[in-house]
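This is the structure I have questions about; it appears just below.
Please treat every number below as a calculation from the coordinates, not as lab data. Remember, it's a predicted structure, so these values are computed and weren't measured experimentally. Cβ coordinates were reconstructed from backbone atoms using ideal geometry, including for glycine residues, and neighbour counts include every protein chain displayed.
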Protein chains: 2
Amino acid sequence: MRTSIATVCLSGGLVEKLHAIAEAGFDGVEIMDSDLVPAAESPEEIRALCARLGLTIDLFQPFRDFEGVDEVTLADNLRRARAKFEIMDRLGAKMILLCSNVATATIADHEVAAEQLGQLADLASEYGISIAYEALAWGRYVSDYRDAWKIVQLADRPNLGVCLDSFHVLSRGHDPREIEAIDAEKLFFLQLADAPHMQMDILSWSRHHRLFPGEGDFDLISFVSHMIRAGYRGPLSLEVFNDTFRQTDVRRTAKHALRSLRWLYDRACAANSWESKIDAPQPPRAIDFVELTGEDLGEIEQALHQLGFVFGGRHRSKPVRLWQAGEANVILNEQPRTQGTRLGSLGLLVDDAEAAKRRAVAIGAPAAFRRTYEGEYDLPGVLATEGIEVFWNARTAEESWRDEFEGGSTPGTESMRGVIDHINIAYPWQEFDEAVLFHTSTLALGAEPASELPGPRGLVRSQVMRTDDGVVRIAMNLAPPTAPLLPRHIAVRVDDAISVARRAKERGLPFLPIPDNYYDDLEARFGLDAELLAELQELDLFYDRDEQGSFLHFYTPVVDQVFLEVVQRIDGYDGYGAANAPVRLTAQRTFESETA
Amino acid sequence: MRTSIATVCLSGGLVEKLHAIAEAGFDGVEIMDSDLVPAAESPEEIRALCARLGLTIDLFQPFRDFEGVDEVTLADNLRRARAKFEIMDRLGAKMILLCSNVATATIADHEVAAEQLGQLADLASEYGISIAYEALAWGRYVSDYRDAWKIVQLADRPNLGVCLDSFHVLSRGHDPREIEAIDAEKLFFLQLADAPHMQMDILSWSRHHRLFPGEGDFDLISFVSHMIRAGYRGPLSLEVFNDTFRQTDVRRTAKHALRSLRWLYDRACAANSWESKIDAPQPPRAIDFVELTGEDLGEIEQALHQLGFVFGGRHRSKPVRLWQAGEANVILNEQPRTQGTRLGSLGLLVDDAEAAKRRAVAIGAPAAFRRTYEGEYDLPGVLATEGIEVFWNARTAEESWRDEFEGGSTPGTESMRGVIDHINIAYPWQEFDEAVLFHTSTLALGAEPASELPGPRGLVRSQVMRTDDGVVRIAMNLAPPTAPLLPRHIAVRVDDAISVARRAKERGLPFLPIPDNYYDDLEARFGLDAELLAELQELDLFYDRDEQGSFLHFYTPVVDQVFLEVVQRIDGYDGYGAANAPVRLTAQRTFESETA
């Protein structure tokens, strides 16, 4: 399947965009007139540049508001069209996108629209140009792709067909199954955009909030399947208007865009049992380990000990230490001259680790490299988002990287038994959507509905990516562009958070101090019994409740932008204590400013 | 009239907010529970702090979803209420805001709601607390203030009344005139928020896009007038949920908020012929001058000369020079050790300059100070937004600051004759809304509808503030938070832009180079005759057309973040060539990178 992208998806000038599109690996490009007009380069130069870069010019969008007009307007529209066909001739573009009239149409009659489009098609044929007619969701008289198809049939010209755009079809809730009723040779073009479900006017939704496939709520897999089953053989092309992508680095966005198409086509193949060149997803069965990297991890190590983690040994060839609490493995990797402490890598258990890596690389993730020595376990992995690496492991009892750690302690009755419940990663604003796609396409996680939490420096967007069974959960946080990145954290789930908290306090772990007002509010909201409430307050524990059950959790203070959380899920509680986040964010801010 | 503000309008922690609110000059505060719960300070401490700062606690918002529920839920709701009344007792808050039930109501019956609210009122009376019941725009069964008033009448308790919120009334399009039918003693509270007209779900609109009065599209002057005519004597209180204000400096936002209330009350007084302590607005009759400030303004001076401005003389006591073109006065103020070139001040002609300044200061603008010497003209002025000062002048023929400039040239036939058409100011994201209010409240300008223009670094929001007659126009631009500030410019209107451009080219002025593609597009769009098109292209001129007439304009390159534009309005064209902005922004970016 060929891939293409509209220049309007990217930031910068036209030449920069074309270079970025070619470098990412696209086959072709849709050029928007609004990118060509401001360019200093002539149409001939752009044509030659595309040829050198190996990009076909799949579509050109030069004007709007053609059909359904009075005779005087039609004459001027044909004059406008001819002028643009001359430009296309110089550009070497052979297909024009014509959107349904949103402004000047006065005649609500398919016959008239067809007759006028017929005239346009005849004019276009003089230049060897085809016309792809698209029903815009807010077209004045034509806003449904089925009407566009009727008009194309009425006009009956060989160089007139339809363009389908997933946004215009799915935003209106039109049934995409009828795409399969369109003649294959009349399916001229396919534009793809995802979007979150939103309640707002369609024009603003379309202009500002489109997303690349896999990042929103539209069922694009079905949409593409209908097109291909109907016989469409043109490119899969992206047309995504988005306020963020207009500002972000053009080369990065182009790569990200292509990944979304590779993922989408692979999923469509899987849904239809068509052959795909990409290995099947490997849903993670568990979190194998979390690695923290920093110059000096002594404070983290002390906190792990105070919580009840047990020292699992030193790596035999690397400056790396293992701490364990039941199934929860935390690896501390001390590297000289690193800034702050960060999440270095994440290990996932899957059925076929090599296949997981092959899939990730095929979709477009860079392979990760770690030096391993003779006899050491070599985990396949890729560079994920935010500088974190992901490694896959198909661990069996006989074969594990754990054997490379030596000199560990034996867990005692005092030791904590736990499992990594979730990790929490903060993203800068321009990488959030890309990270959603990474987690779905490469890690085979699904997205929970996003939420917004008020923090003292603005709203924080929160989005959890997880397996269906909840065994692997990654919480993504996005602070406002003007606020500093939020700290990251690792949450360990235990069976008895109260005992863990009590022991940690005894061992001197500093807890994030929770205000008394919080416990007054807990009492008012939930009517907790006095004994439990007193215990929560004594231990600085947070409490939450959902329809299933309840939740206990607490936090260590932030060390170098990283902290730890201990959670206990009671009776199937499935959330993350979101209602407590404002209290936690305020407490962290107070604690930081008091200790800084 | 007393003034108040909800803590949720501001960023930071509760104590910071209270200090900022007091410092700005508010009389009271609405405390949100979501601000109290995360605070380390006890209710008693907050009460004492408010007392010391001279702030009354006018309202408290501790819980939601009370009425219209089954008996079991009602019992728990009364338990929740009692716990919060205990907190209010400690806080010293005497009025609670109760929003209509959005979540748990199952009984759509005013009688039931009234009976349950009656029980709540009786419980509240034990604590000396009053209840202000508010119809939320998205309340499940009660979403209209007239229904809330009916329920309050049915319940018939002395400590139960209504709270009116302008957003909830006006967003639903409910007629605010019926406020005057409510008994004065039952109008317990008034919350004010403005908002732009938007088509989206009301909840998102309310949570993210509210604005302070004077910054949006709601008619708050009428709204407040209805309340006061109905006999309301409580505070005017702001409740503005806005993503920007949640992030901006708390002290700055609090001052800005109070200015909006002062402006609003003054306008309500004017609309009702009530006495106001604030002088009447002084609509500007013309732009008197524009001053540029920088360390070395030689390049700007050369460009002014090349355009045809005439040297108007040196100031007799300051390092300041005047350049003139007919009515357009540009003052160049060279100050050592200033960074870059910037718009230093703007002079406006009004009927009463001292009254204009008194009004601005009364609303909250800081007075501007310029040292003047014996016998020099002392213009009253204030510090406007973005570091620009505004000075007013009631110039008569006998009396003008121009006499202080000596040694100027006499205009010749070569001189340009012009007038300042508009100035264009770029704002950082956090100051844009505040600037809208400054221009309406202090400069008596009105807002044209805002627009968005695609630039190579993201969408640029553009908003023109102007007098009705168009004699004074200030175009405000807002680039995305991640992009650098756009340059500012001064646009001079002339009768013959082609002659001015031709002379300037002859004198060696570098023009912003416009790509040929632009002229191909002009031809296609407008079918201009070949001679005019060739002349535009030769001279690097932009062209636009609206329903009235046409527009010619061109730009000098950017010097130190400032540039000049020359415009010609033909047959009543009223725009600013917005369609050309993407070409201009791209050309400026190209020119900058080539010459940098």
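Separation of the stretch A:514-539 and the stretch A:31-46 by C-alpha centroid, Å?
Measuring centre to centre over Cα atoms gives 65 Å.
Of all DSSP beta bridges located in chain B, what percent are antiparallel, nearest 5? Spell out each step's value before the answer.
Numbers: 57 of 106 bridges.
Antiparallel bridges: around 55 percent, rounded to the nearest 5.
Over the stretch A:3-272, calculate the relative contact order: mean separation of alpha carbon pairs under 8 Å at least 6 apart, over the residue count, as a percent.
Numbers: 523 pairs, mean separation 55.3, N = 270.
So the answer I get is 20 percent.
Work out from phi, with θ = phi - 60° and the Karplus expression 6.51 cos²θ - 1.76 cosθ + 1.60, the ³J(HN,Hα) of each residue of the stretch A:558-563, listed in order in whole Hz, and give x for Gly and Pro.
Karplus-based 3J(HN,Hα) across the stretch A:558-563 equals 7, 10, 6, 6, 9, 8 Hz.
Say each of B:Asp469 and B:Gln430 gets a label point 7 Å from the Cα, pointing the same way as Cα to Cβ; how far apart are those two points in nm?
So the two model labels end up 4.0 nm from each other.
While we're looking at this one, here's another question. By how many degrees, between 0 and 90 and to the nearest 10, does the Cα long axis of helix B:432-441 differ from the longest principal axis of chain B?
Here the helix axis deviates by roughly 90 degrees.
Using a 10 Å cut-off around each Cβ, can you sort B:Lys277, B:Lys84 from fewest to most neighbouring Cβ atoms?
Ranking B:Lys277, B:Lys84 by Cβ neighbours within 10 Å, fewest first, gives B:Lys277, B:Lys84.
Right, here's the next one. Among B:Tyr373, A:Tyr573, rank each residue by its count of other Cβ atoms within 10 Å, from fewest to most, as a rough exposure measure. Could the numbers behind the result be given before it?
Values: B:Tyr373 10, A:Tyr573 19.
Taking fewest neighbouring Cβ atoms as first place, the list is B:Tyr373, A:Tyr573.
Name the shape class, rounded, prolate or oblate, that the alpha-carbon gyration tensor gives for the protein assembly as shown, where a ≥ b ≥ c are the square roots of its eigenvalues, rounded holds for a/c under 1.5, and otherwise prolate holds if a/b is larger than b/c and oblate otherwise.
Working: a/c = 1.60, a/b = 1.14, b/c = 1.40.
Judged from the Cα gyration tensor, the protein assembly as shown comes out oblate (a/c at least 1.5, b/c at or above a/b).
On a 0 to 90 degree scale, rounded to 10, what angle separates helix B:497-506 from the longest Cα axis of chain B?
So the inclination is approximately 60 degrees.
Here's another thing I want to ask about it. If you put a point 7 Å past Cα along the Cβ direction, how far is that point for B:Ser409 from the same point in each other copy, in nm, smallest first?
8.7
Does the stretch A:397-542 classify as rounded, prolate or oblate by the C-alpha gyration tensor (a ≥ b ≥ c root eigenvalues; a/c under 1.5 gives rounded; else a/b over b/c gives prolate, otherwise oblate)?
On the way: a/c = 1.95, a/b = 1.06, b/c = 1.83.
It is oblate, given that a/c is not under 1.5 and a/b is not larger than b/c.
By how many degrees, 0 to 90 and rounded to 10, does the Cα axis of helix B:250-272 deviate from the longest principal axis of chain B?
In chain B, helix B:250-272 runs at an angle near 90 degrees to the longest axis.
How far apart are the B:Leu485 label points across copies, placing each 7 Å from Cα toward Cβ, in nm, shortest first?
Here B:Leu485 shows inter-copy label distances of 2.8 nm.
If R₀ is 45 angstrom, what is the calculated FRET efficiency for the pair B:Asp183 and B:Arg207, using the beta carbon separation as r and rounding to 0.05?
0.90
Still on this structure, please answer the following. For a test of the definition: using alpha carbon positions, the gyration tensor, and the 1.5 limit on a/c, classify the stretch B:1-129 as rounded, prolate or oblate. The partial results should precede the final answer.
Numbers: a/c = 2.24, a/b = 2.11, b/c = 1.06.
Prolate, because a/c is 1.5 or more and a/b exceeds b/c.
Rounded to the nearest 0.05, what FRET efficiency do B:Arg79 and B:Glu45 give with R0 = 22 Å and r taken as the Cβ-Cβ distance? Could you check? Numbers along the way, then the final one.
Numbers: r = 26 Å, r/R0 = 1.18.
After rounding, the FRET efficiency stands at 0.25.
In percent, what relative contact order does the stretch A:420-595 have, based on Cα pairs under 8 Å that are 6 or more apart in sequence? Walk me through the intermediate numbers first.
Numbers: 307 pairs, mean separation 39.3, N = 176.
Relative contact order, the stretch A:420-595: 22 percent.
What's the minimum Cβ distance from chain B to the axis relating it to A, in whole Å, and which residue gives it?
B:Met200, 2
Here's another thing I want to ask about it. If you count the DSSP beta bridges with both ends in the stretch A:420-595, what percent of them are antiparallel, to the nearest 5? Don't skip to the end; give the middle numbers.
Values: 28 of 39 bridges.
Bridges in the stretch A:420-595 that DSSP calls antiparallel: roughly 70 percent.
Right, something else. Return a whole-number percent for the relative contact order of chain A, with Cα pairs under 8 Å and 6 or more residues apart as the contact set. Don't jump to the answer; show the numbers that get you there.
Working: 1234 pairs, mean separation 58.2, N = 596.
Worked out over chain A, it gives 10 percent.
Quick check on my link table: of A:Lys318/A:Lys505; B:Lys255/B:Lys357; A:Lys17/A:Lys94; B:Lys17/B:Lys277; B:Lys255/B:Lys318, which ones sit more than 25 Å apart, alpha carbon to alpha carbon?
Values: A:Lys318/A:Lys505 32 Å; B:Lys255/B:Lys357 18 Å; A:Lys17/A:Lys94 20 Å; B:Lys17/B:Lys277 28 Å; B:Lys255/B:Lys318 34 Å.
The pairs that break the limit, which is 25 Å between Cα atoms, are A:Lys318/A:Lys505; B:Lys17/B:Lys277; B:Lys255/B:Lys318.
In the stretch B:3-272, what % of DSSP beta bridges are antiparallel (nearest 5)?
Details: 2 of 29 bridges.
Percent antiparallel among DSSP bridges in the stretch B:3-272 is about 5.
In which sequence would A:Phe526, B:Phe26 go, from the one with the fewest C-beta neighbours within 10 Å to the one with the most? Display every interim value, and only then the final one.
Numbers: A:Phe526 16, B:Phe26 27.
Final ranking by Cβ density, sparse to dense: A:Phe526, B:Phe26.
Oh, and also: Okay, helix-only estimate at 222 nm for chain B: each DSSP H run of n ≥ 4 adds -39500 (n - 2.57), divide by all residues, round to 500 deg cm²/dmol; what do you get? Please report the intermediate quantities before stating the final value.
Values: 17 runs with 196 residues, N = 596.
The helix-only estimate for chain B comes to -10000 deg cm²/dmol at 222 nm.
Label-point separation (nm) for B:Glu506 and B:Gln153, each offset 7 Å from Cα along Cα-to-Cβ?
Taking the two extended label points, one gets 8.0 nm.
At a Förster radius of 30 Å, what calculated FRET efficiency corresponds to the Cβ-Cβ distance of A:Arg316 and A:Thr410, to the nearest 0.05?
Values: r = 19 Å, r/R0 = 0.63.
Rounded to the nearest 0.05, the efficiency is 0.95.
What are the label-to-label distances in nm, one decimal and shortest first, from B:Asp122 to the same spot in the other copies, with labels 7 Å along Cα to Cβ?
8.5
On a C-alpha basis, how far is the centre of the stretch B:252-295 from the centre of the stretch B:49-80 in Å? Whole number, if you could?
If you average the Cα positions of each part, the centres end up 37 Å apart.
Also, I was wondering about something else. List the aspartates and glutamates whose Cα sits under 18 Å from the Cα of A:Lys150, skipping any in the same chain fewer than 8 residues away.
A:Glu67, A:Asp109, A:Glu111, A:Glu115, A:Glu134, A:Asp165, A:Asp175, A:Glu178, A:Glu180, A:Asp183, A:Glu185
What residues have an amide H closer than 5 Å to that of A:Asp217, excluding those fewer than 5 places away on the same chain, when H is modeled at 1.01 Å from N in the peptide plane?
Correct list: A:Ala195, A:His197.
Using 0.36 nm per residue of separation minus the Cα-Cα distance, give me the extension gain between B:Ile570 and B:Arg285 in nm, one decimal.
Details: separation 285, 0.36 × 285 = 102.60 nm, distance 2.18 nm.
The span from B:Ile570 to B:Arg285 would gain 100.4 nm if fully extended.
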